[in-house]
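Novice: Once you've had a glance at the structure underneath, I'll fire off some questions.
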Amino acid sequence: MIWRDCTIADVVRSDDGNVASLLDEEGHTYAGDFFIDCSGFASLITRKALGVEYRSYSDALFNDRAVTLVTDGEVEASSQTDATALANGWAWRIPQQGRVGNGYVYSSRFCSPEQAETELLEHLAEKRPDGEMRHIPFHTGRVESVWNGNTLALGLSQGFLEPLEATALALVQLTLARFVRHYEAGGFTSQYASVVNREVADAFDGVKQYLQSHFLLSNRDDSDYWRACRSNSAAISPELKRVMECWFGRGDLSETLQETGLGRHYKLNSWLYILSGMGVFPKADQLSPPSEEQAGKVPLDDIQTFFEKLTLNHMPQSEALKLLAQGRNLHDERELAAMGDPLQDLLGLGFAVSSAG
């Protein structure tokens, strides 16, 4: 394997339309049998050279900008990422070992860069920093096909979805896994390119619709941005509309997710979390209390005890990070043997932990 730090200036195509070689700014040529386009938003091979169409999601997802700011680290770093709705989008807060990463994802249709900076600083209760805050424009959507001839688009060159659900790496992994499987199955030809393209497109579209539900179901009514998000019914796909109708109509959500395909990438539990978590339910007079038998299957006291016991099996995050930095195992084999199988013991409560996956 050869690695070279250079800037690609041109993509050279062969008579059959495939990519023959890449040319860098210094005039060096890089020929190959297969090319993976990891050129980011520029999408030098897929969109620029091959002219593959880009399907925009801007009708459903309004956010197209982000402004970021690094602040001082916490004495005891939190173990979770926070996402907080602001007037024209949402802000992230990601604690790390030596710093905290912050950002504000917003829509330029409703908010200027200067206003976004002000909102983020007010949210963080921070003074305006000496250095410049970083601004990142983006366009949500995907290319119509990731596998084109002897090329594969990967990462930002294949598309982008705002990071509310942190799906970027999962979509990269899915694309690679599908490509490797079908490339080998097709005798290292593009025989199954259409299959991969269809599966990757379906994954992007599925994530888009799950993301859109966060904004459609919001109860915020304090800005033009949120009012526009809530009233954006024209951008609801037939599949997402069926899921909403099923939920408010007290239908079989599991069955509907399977029929629409929206359960392939976000399972039943995920949809239950977003729908109930946003506080949207059928009308009260359409709801019925659970039977004693149903209620008995969800013993809340035992669930609370379950999670309290889980914490006993873990050391504080700061201690664990120090051990990992020293290259040490968090538990040696003797400690693990003495612990037995704590998870199995903890699960012996009167309820089952399950997933619809």
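Each value in this text was obtained by applying a stated rule to the coordinates, not by laboratory testing. In this text the structure is predicted, and so the values were computed from the model without any measurement. No Cβ is skipped: glycine too gets one built from the backbone with ideal geometry, and neighbour counts run over all protein chains shown.
Novice: I'd like to verify something in the chain: which complete DSSP H helices, judged by Cα projection on the helix axis, reach 18 Å or more and average at least 0.0 on the Kyte-Doolittle scale? Walk me through the numbers before you get to the answer.
Specialist: Numbers: long enough: 168-185 (26 Å, 0.69); 193-216 (34 Å, -0.02).
Sorted by number, the helices that extend far enough and score high enough are 168-185.
Novice: Which FRET efficiency value, to the nearest 0.05, do you get for Asn269 and Glu114 by plugging their Cβ-Cβ distance into 1/(1 + (r/R0)^6) with R0 = 45 Å?
Specialist: Numbers: r = 41 Å, r/R0 = 0.91.
Between Asn269 and Glu114 the formula returns 0.65.
Novice: In terms of Cα to Cα distance under 29 Å, which lysines are near enough to Lys127, apart from those fewer than 8 places away along the same chain?
Specialist: Output for Lys127: empty list, no partners.
Novice: Which lysines have a Cα lying under 28 Å from the Cα of Lys322, excluding residues fewer than 8 positions away in the same chain?
Specialist: Lys309
Novice: Report the Cα centroid-to-centroid distance between the stretch 165-187 and the stretch 70-112 in angstrom, as an integer.
Specialist: 30 Å
Novice: Kindly state, to the nearest 0.05, the FRET efficiency for Phe41 paired with Ala320, given R0 = 30 Å and r defined as their beta-carbon distance. Present the calculation step by step, with values, prior to reporting the outcome.
Specialist: On the way: r = 36 Å, r/R0 = 1.20.
The computed FRET efficiency comes out at 0.25.
Novice: Between Asp252 and Arg198, how high is the FRET efficiency from 1/(1 + (r/R0)^6) when r is the Cβ-Cβ distance and R₀ = 25 Å? Nearest 0.05.
Specialist: The value I calculate is 0.40.
Novice: Starting from the Cα of Arg4, step 7 Å along the direction of its Cβ; do the same at Lys283; then give the gap between the two resulting points in nm.
Specialist: Spacing of the two 7 Å Cα→Cβ label points: 7.0 nm.
Novice: For Ala177 and Thr305, calculate 0.36 nm times their separation in residues minus their Cα-Cα distance, and state this gained length in nm to one decimal.
Specialist: So the chain would gain 42.2 nm between Ala177 and Thr305.
Novice: Do any trypsin sites (Lys or Arg not before Pro) in the stretch 146-253 lie in a loop, going by DSSP, with at most 15 other beta-carbon atoms within 10 Å of their beta carbon, and if so which?
Specialist: Listed in order of number, the matching sites are Arg220, Arg250.
Novice: Please state, rounded to one decimal and in Å, the Kirkwood hydrodynamic radius that the stretch 65-137 gives when every pair of distinct Cα atoms enters the mean of 1/r.
Specialist: 12.5 Å
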